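The values are calculated or read from the model by the stated rules, or taken from the named source; none is laboratory data. All values reported here derive from a predicted model rather than from experimental measurement. Counting neighbours? That spans all protein chains shown, and the Cβs are built from the backbone with ideal geometry, glycine included.
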Amino acid sequence: MPQQYPLPAFHFSVQWGGTRIGFTEVAGLTQENQAIEYRDGSFPEYSSIKMPGLRKFSNLTLKRGIVKADNEFFQWLSTVKLNTVERRDIVVALLNENHEPVMVWKAHNAFPVKVEGPALKATGNEVAIESIELAHEGLELQNE
């Protein structure tokens, strides 16, 4: 039986509803269940019980190199009005050596909450990176 190795994290794709799809980093593929603590005054124990509460999803952060005349992050952020925004489903796929998805995360109804430009430094020797932070309403994981 061949040895099973963990998957490397550097080969992935992102579908975000924009024209350019090359991202250097994806962070925030996190979900948690918050605990509710409760104690009745007549409990014989002097501690509370815990039960599952609301599910919570972290914001996603997507980063990519800046390309001249590409301001899609800022255009999407500008769709935010008082109670309305352009929402998109975000699909992040971890790929194998044949460029096939082996794990897929789907974030539902995402919208931008923050766009951050690059850190500029006169002595720097790296690509200018921009990032977008997205709130969403649910994260679904599919193992292929």
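So Asn96 passes all but one of these: (1) more than 18 Å from Gly22 (Cβ to Cβ); (2) in contact with a Gly (Cβ under 7 Å, 6 or more places away or on another chain). Which condition number does it fail?
Against the list (1) more than 18 Å from Gly22 (Cβ to Cβ); (2) in contact with a Gly (Cβ under 7 Å, 6 or more places away or on another chain), Asn96 comes up short only on (2).
Report, by residue number, each residue of the range 24-40 that is free of Cβ contacts under 8 Å to residues at least 24 places away in the same chain and among the acidic types (Asp, Glu).
Of everything in the range 24-40, those that are free of Cβ contacts under 8 Å to residues at least 24 places away in the same chain and among the acidic types (Asp, Glu) turn out to be Glu37, Asp40.
Could you look through the range 38-65, keep only residues that are within 30 Å of Arg88 (Cβ to Cβ) and of a type in the set (Ser, Thr, Tyr), and pick out the one that is nearest to the chain's Cα centre (by Cα)?
Taking the range 38-65 as the starting set, the residues that turn out to be within 30 Å of Arg88 (Cβ to Cβ) are 52-65.
Subsequent filtering for residues that are of a type in the set (Ser, Thr, Tyr) retains 58, 61.
Numbers: Ser58: 7, Thr61: 5 Å.
Only one residue tops the list, namely Thr61.
Among the residues of the range 34-48, is there at least one that is under 15 Å from Pro112 (Cβ atoms) and in contact with a Ser or Thr (Cβ under 9 Å, 6 or more places away or on another chain)?
Here is the first cut: in the range 34-48, the ones under 15 Å from Pro112 (Cβ atoms) are none.
Taking every residue of the range 34-48 in turn, none turns out to be under 15 Å from Pro112 (Cβ atoms) and in contact with a Ser or Thr (Cβ under 9 Å, 6 or more places away or on another chain).
What residue, among those in the range 3-48 that are part of a loop (DSSP other than H, G, I, E, B) and of a type in the set (A, V, I, L, M, F, W, C), is farthest from Trp76 (Cα to Cα)?
Phe43
In the range 25-49, which residues are modelled with pLDDT of 95 or more and among the β-branched types (Val, Ile, Thr)?
Val26, Thr30, Ile36
Go through (1) loosely packed, with under 11 Cβ neighbours inside 10 Å; (2) touching a residue at least 24 places away in the same chain (Cβ under 8 Å); (3) in a strand (DSSP E or B); (4) not hydrophobic (A, V, I, L, M, F, W, C) for Thr61 and report which single condition fails.
Condition not satisfied by Thr61: (1).
Looking at this structure, is Asn125 within 28 Å of Pro8 (Cβ to Cβ) and assigned to a loop (DSSP other than H, G, I, E, B)?
Answer is yes for this residue.
List the number of the failed condition for Val127; all other conditions in (1) β-branched (Val, Ile, Thr); (2) surrounded by 14 or more Cβ atoms within 10 Å (Cβ to Cβ); (3) more than 14 Å from the chain's Cα centre (by Cα) hold.
(2)
Out of the residues in the range 31-48 that are more than 30 Å from Leu141 (Cα to Cα) and touching a strand residue (DSSP E or B) at 6+ places or on another chain (Cβ under 6 Å), state the one that is surrounded by the fewest Cβ atoms within 10 Å (Cβ to Cβ). Quick ask: steps written out before the conclusion?
Initial filter on the range 31-48 (more than 30 Å from Leu141 (Cα to Cα)): 38-48.
Imposing the further condition that a residue be touching a strand residue (DSSP E or B) at 6+ places or on another chain (Cβ under 6 Å) reduces the set to 38, 48.
Working: Tyr38: 9, Ser48: 13.
Among residues in the range 31-48 that are more than 30 Å from Leu141 (Cα to Cα) and touching a strand residue (DSSP E or B) at 6+ places or on another chain (Cβ under 6 Å), the one surrounded by the fewest Cβ atoms within 10 Å (Cβ to Cβ) is Tyr38.
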